[in-house]
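Chemist: Starting off with a structure, shown below.
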Amino acid sequence: TQDALAKSQYMLGRELLNKEKYEECLDLAGKIVRDAKENVIAPDASELAVKAAFALLANAPAEKRDAARDRLMKIAKFTIENWPGKSQADGVRILLGNLSVAMGNIDEALKTFESVNPKSERYPIALHMASQTYWRRYLLEKIKQDKANREQMAADRDKALKHATESLALQQKTAEKSKPMSQQMIETQLGLADIQLD
C-alpha cells in the first residue's frame with residue numbers, strides 16, 4: 001500500500017512539474033522522500049524535487065535568487081549523497097553542470113559533467129554536455145585572435161571531439177533501429193560536425 005501510494009504521489013508530482021506548479025511539486029516530492037526514503041521511487045522523487053527547485057531558481061526574482069540557489073544546492077546534495085550510484089544522482093550532476101555553465105563557471109561545469117559514472121545510463125548525455133562546454137570555451141578563446149591561448153584551444157578542441165565521438169558511439173549502441181533518431185543523438189552529431197568543420 002505504501003509503495004502504491006508513493007508511486008501515485010510521484011506521478012502526481014510529475015504532472016505538477018509539467019504544469020509548472022513547481023512549489024507544489026517540490027513539497028510533494030519532499031513528502032515522498034521523507035515518508036518513504038527506502039522506497040524504490042524515492043531517488044526519482046528526489047530528482048524530481050531538484051528539477052522543481054531548479055525551475056524555481058530560474059523563475060526567482062533577483063532578491064530571492066540566492067535563497068533559491070541555496071535551496072536547490074541543499075536538495076541536490078541530499079540526492080547525490082543518499083543515492084550516489086543511481087542514475088538519478090547522475091541526472092542531478094548534469095543539471096548542476098548546466099547551472100554552472102549558466103553562471104559562467106566553466107571549470108566547475110566540466111568537473112561536474114565528468115564526475116558522472118561511466119556505467120550510468122546518463123553517461124552519454126554527460127559526455128555530450130562536457131563536449132559542448134569544452135567547445136564553448138574553445139570558441140570564446142578563439143574570439144581573442146592574437147591574444148588567444150592556443151595551447152588551451154587545442155586541448156579544448158581535442159576534448160570536445162573526444163567526448164562527442166564517445167557520446168555518439170554510446171548512443172548508437174542503445175538506439176532502437178526501428179525508431180527515429182533521438183533529439184539527443186541529432187544534437188551530438190551536429191556538435192561533432194561543427195567541431196570537424198572548424
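Chemist: Of everything in segment 50-78, what is of a type outside the set (D, E, K, R) and in contact with a Cys (Cβ under 9 Å, 6 or more places away or on another chain)? Give them in sequence order.
Modeler: Those that are of a type outside the set (D, E, K, R) and in contact with a Cys (Cβ under 9 Å, 6 or more places away or on another chain): A52, A55.
Chemist: Output the number of the condition that Q184 fails; it satisfies all remaining conditions of (1) over 15 Å from the mean Cα position of the chain (by Cα); (2) open to solvent by 30 Å² or more (accessible area, probe 1.4 Å); (3) modelled with pLDDT under 95.
Modeler: Condition not satisfied by Q184: (1).
Chemist: Moving to a separate point now. Considering only residues that are in a loop (DSSP other than H, G, I, E, B) and open to solvent by 60 Å² or more (accessible area, probe 1.4 Å), which ones fall in segment 47-60?
Modeler: Within segment 47-60, N59 is the sole residue that qualifies.
Chemist: Which of the residues belonging to segment 14-34 are in contact (Cβ under 8 Å) with a residue 12 or more places away in the chain and either acidic (D, E) or surrounded by fewer than 21 Cβ atoms within 10 Å (Cβ to Cβ) (or both)?
Modeler: Residues satisfying the conditions are R14, L16, L17, E20, Y22, E23, G30, K31.
Chemist: Could you look through segment 165-181, keep only residues that are of a type in the set (A, V, I, L, M, F, W, C) and closer than 14 Å to I125 by Cα, and pick out the one that is surrounded by the most Cβ atoms within 10 Å (Cβ to Cβ)?
Modeler: Only one residue fits best here, namely L168.
Chemist: Looking at Q171, Q189, can you tell me which residue is under 21 Å from the mean Cα position of the chain (by Cα) and within 27 Å of A76 (Cα to Cα)?
Modeler: Q171
Chemist: Would you call D44 open to solvent by 80 Å² or more (accessible area, probe 1.4 Å), farther than 18 Å from A126 by Cα and in a helix (DSSP H, G or I)?
Modeler: no
Chemist: I need a count of the residues in segment 141-151 that are more than 15 Å from I195 (Cα to Cα) and either in contact (Cβ under 8 Å) with a residue 12 or more places away in the chain or not in a helix (DSSP H, G or I) (or both).
Modeler: Counting residues in segment 141-151 that are more than 15 Å from I195 (Cα to Cα) and either in contact (Cβ under 8 Å) with a residue 12 or more places away in the chain or not in a helix (DSSP H, G or I) (or both) gives 4.
Chemist: Hey, does segment 152-161 have a residue that's modelled with pLDDT under 95, open to solvent by 90 Å² or more (accessible area, probe 1.4 Å) and either closer than 30 Å to V40 by Cα or in contact with a helix residue (DSSP H, G or I) (Cβ under 9 Å, 6 or more places away or on another chain) (or both)?
Modeler: no
Chemist: Continuing with the same structure: Of all residues in segment 15-41, how many are acidic (D, E), over 21 Å from the mean Cα position of the chain (by Cα) and part of a loop (DSSP other than H, G, I, E, B)?
Modeler: Residues meeting the conditions: 1.
Chemist: Shifting gears a bit: Assess whether A169 counts as being in a helix (DSSP H, G or I), without any contact (Cβ under 8 Å) to a residue 24 or more places away in the chain and not acidic (D, E).
Modeler: yes
Chemist: Out of (1) open to solvent by 60 Å² or more (accessible area, probe 1.4 Å); (2) charged (D, E, K, R); (3) under 19 Å from G97 (Cα atoms), the odd one out for K37 is which?
Modeler: With (1) open to solvent by 60 Å² or more (accessible area, probe 1.4 Å); (2) charged (D, E, K, R); (3) under 19 Å from G97 (Cα atoms) applied to K37, the lone miss is (3).
The values are calculated or read from the model by the stated rules, or taken from the named source; none is laboratory data. Here the structure is a predicted model, which is why all the values come from computation and not from measurement. Cβ coordinates were reconstructed from backbone atoms using ideal geometry, including for glycine residues, and neighbour counts include every protein chain displayed. Accessible surface is based on the protein model in full, side chains and every heavy atom, while ligands, DNA and RNA are left aside. Shrake-Rupley method; radii C 1.70, N 1.55, O 1.52, S 1.80 Å.
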